[in-house]
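The structure under discussion appears below in the form of structure tokens.
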Amino acid sequence: MKFYVDCPEDTDGFPEDYSPGAMSSEDEIGFGGNIYVDPSGVITDVCNSDAPLDGVTVTLLKESPPGTGNFVVPATADHIADVNPLATSSDGKYGWVVVPGKYKVRAEKAGYVTGESVVVSIPPAATDVNIPLDCDTDGDGFGSLTDNCPGMANASQTDGDTDTVGTACDNCPTTANANQANADGDTPGDMCDNCPTTATPWIVPASDGDCDGFNDTAETAMGTDEGTDCGFTPGAPNQSETWPADLVENNAVNISDVLALKPVYGTAVPPTSVRFDLVPSGAINISDVLALKPVFGKSCTP
Ligand SMILES: [Ca+2]
Ligand SMILES: [Ca+2]
Ligand SMILES: [Ca+2]
Ligand SMILES: [Ca+2]
């Protein structure tokens, strides 16, 4: 019995290198009583236009015992060249010639999801057992084709709003927005941004016309300007107050504003000025202090 095998040209370790005889495009090889044929193929990089990938560790596996679906590294006598696994070079090619049997090939490279070929029955020769390897740049075990947060490690792949964008990287984690549109470039996406066209470093509540972090109802109660988010000009007379958190008016929220609440903390409104009642409740309490937290350390530009 003879097997005639088409082999890629100029590939180290292929039969034509062993017996470059009379046949121009086909080779037969008998070696120690065994008959050797391919598998061979190319490892390609899914993340680089399917270009050949070098530095891939390619392992030949053989079904053993036959018919069990169990694959093991075969005996050296079962294949030429002897080396297994082998490493690809810049052409991405790999190949062995093997005794008859069922084989598959495993391809591994750091930064890529490990790939396995289909199972091939040898003979006939299998010369296109190619394996596309998908990169896993964030190292969470999911390649670019399947990772719902390709740039952020999220091994759970949780997607709470089932919009195909993982919760870990979703700019609206509880609102379905597959396109992740975010016109103003701040943290929340358009679909969940109460101020979608003005970038704010804090989360804007609903019904906050000037996007300063305090809704219109609260501003009306406090007597601040609900239509202006920032406006203190040093030295200018008769200014309306614009940013509720900016108790010590300087267009910034810092420790001075927290300390401004200290003398009136625990008092009722009135007699304490409603201006301090940042979360209207008729008293100055912890809620008002906590209202400064989201905007603490932030400043505004009039
Ligand atoms: Ca990820
Ligand atoms: Ca979403
Ligand atoms: Ca936004
Ligand atoms: Ca407001």
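FYI, it's all coordinate maths here, none of it is from the lab. Note that the structure is predicted; figures quoted are calculated from it, not measured. Cβ sites come from the backbone with ideal geometry, for glycine too, and all protein chains shown count toward neighbours.
Assorted remarks:
- Residue within the range 222-236 that is within 16 Å of ligand 3 (Cβ to nearest atom), closer than 24 Å to S281 by Cα and of a type in the set (V, I, T) present: no
- Residue match in the range 144-156 (condition: within 16 Å of the chain's Cα centre (by Cα) and more than 16 Å from ligand 1 (Cβ to nearest atom)): no
- The set of residues from the range 244-280 being of a type outside the set (A, V, I, L, M) and closer than 18 Å to P205 by Cα comprises P244, D246, D277, P280.
- Residues in the range 200-226 that are over 20 Å from S273 (Cβ atoms), near ligand 4 (Cβ under 8 Å from one of its atoms) and hydrophobic (A, V, I, L, M, F, W, C): C211 only.
- Residue match in the range 204-223 (condition: under 30 Å from G166 (Cα atoms), within 16 Å of ligand 2 (Cβ to nearest atom) and not aliphatic (A, V, I, L, M)): no
- Residue ID - farthest from ligand 2 (Cβ to nearest atom), chosen from residues in the range 147-193 that are in a loop (DSSP other than H, G, I, E, B), within 30 Å of L133 (Cβ to Cβ) and hydroxyl-bearing (S, T, Y): S156
- Residue satisfying all of: in the range 170-183; surrounded by fewer than 16 Cβ atoms within 10 Å (Cβ to Cβ) and under 26 Å from G139 (Cβ atoms); farthest from ligand 3 (Cβ to nearest atom) among these: A178
- Residue match in the range 90-102 (condition: under 34 Å from the mean Cα position of the chain (by Cα), assigned to a loop (DSSP other than H, G, I, E, B) and either surrounded by fewer than 21 Cβ atoms within 10 Å (Cβ to Cβ) or among the hydrophobic types (A, V, I, L, M, F, W, C) (or both)): yes
Residues checked against (1) over 41 Å from the mean Cα position of the chain (by Cα); (2) of a type in the set (G, A, S):
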| residue | (1), (2) |
| --- | --- |
| T224 | yes, no |
| P263 | yes, no |
| V279 | no, no |
| A283 | yes, yes |
| K293 | no, no |
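One line per residue, one yes/no per condition, for (1) away from ligand 4 (no atom under 16 Å from the Cβ); (2) within 30 Å of T187 (Cβ to Cβ); (3) touching a strand residue (DSSP E or B) at 6+ places or on another chain (Cβ under 8 Å):
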{"site": "L86", "(1), (2), (3)": "yes, no, yes"}
{"site": "Y103", "(1), (2), (3)": "yes, no, yes"}
{"site": "T137", "(1), (2), (3)": "yes, yes, no"}
{"site": "S144", "(1), (2), (3)": "yes, yes, yes"}
{"site": "T158", "(1), (2), (3)": "yes, yes, no"}
{"site": "D163", "(1), (2), (3)": "yes, yes, no"}
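- Residue check, A245 within 16 Å of ligand 3 (Cβ to nearest atom) and assigned to a loop (DSSP other than H, G, I, E, B): no
- Test: N194 is touching a strand residue (DSSP E or B) at 6+ places or on another chain (Cβ under 6 Å) and of a type outside the set (S, T, Y): no
- Some residue of the range 266-274 being surrounded by fewer than 17 Cβ atoms within 10 Å (Cβ to Cβ), touching a residue at least 40 places away in the same chain (Cβ under 8 Å) and either in contact with a helix residue (DSSP H, G or I) (Cβ under 7 Å, 6 or more places away or on another chain) or acidic (D, E) (or both): yes
- Checked against the criterion of being among the β-branched types (V, I, T), under 30 Å from N251 (Cα atoms) and not in a loop (DSSP other than H, G, I, E, B), the range 194-209 contains not a single residue that satisfies it.
Here's the yes/no breakdown for (1) exposed (fewer than 14 other Cβ atoms within 10 Å of the Cβ); (2) within 16 Å of ligand 3 (Cβ to nearest atom); (3) under 30 Å from V98 (Cα atoms); (4) in contact (Cβ under 8 Å) with a residue 24 or more places away in the chain:
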position	(1), (2), (3), (4)
N130	no, no, yes, yes
T158	yes, no, no, no
A168	no, no, no, no
G185	yes, yes, no, no
N194	no, yes, no, no
T197	yes, yes, no, no
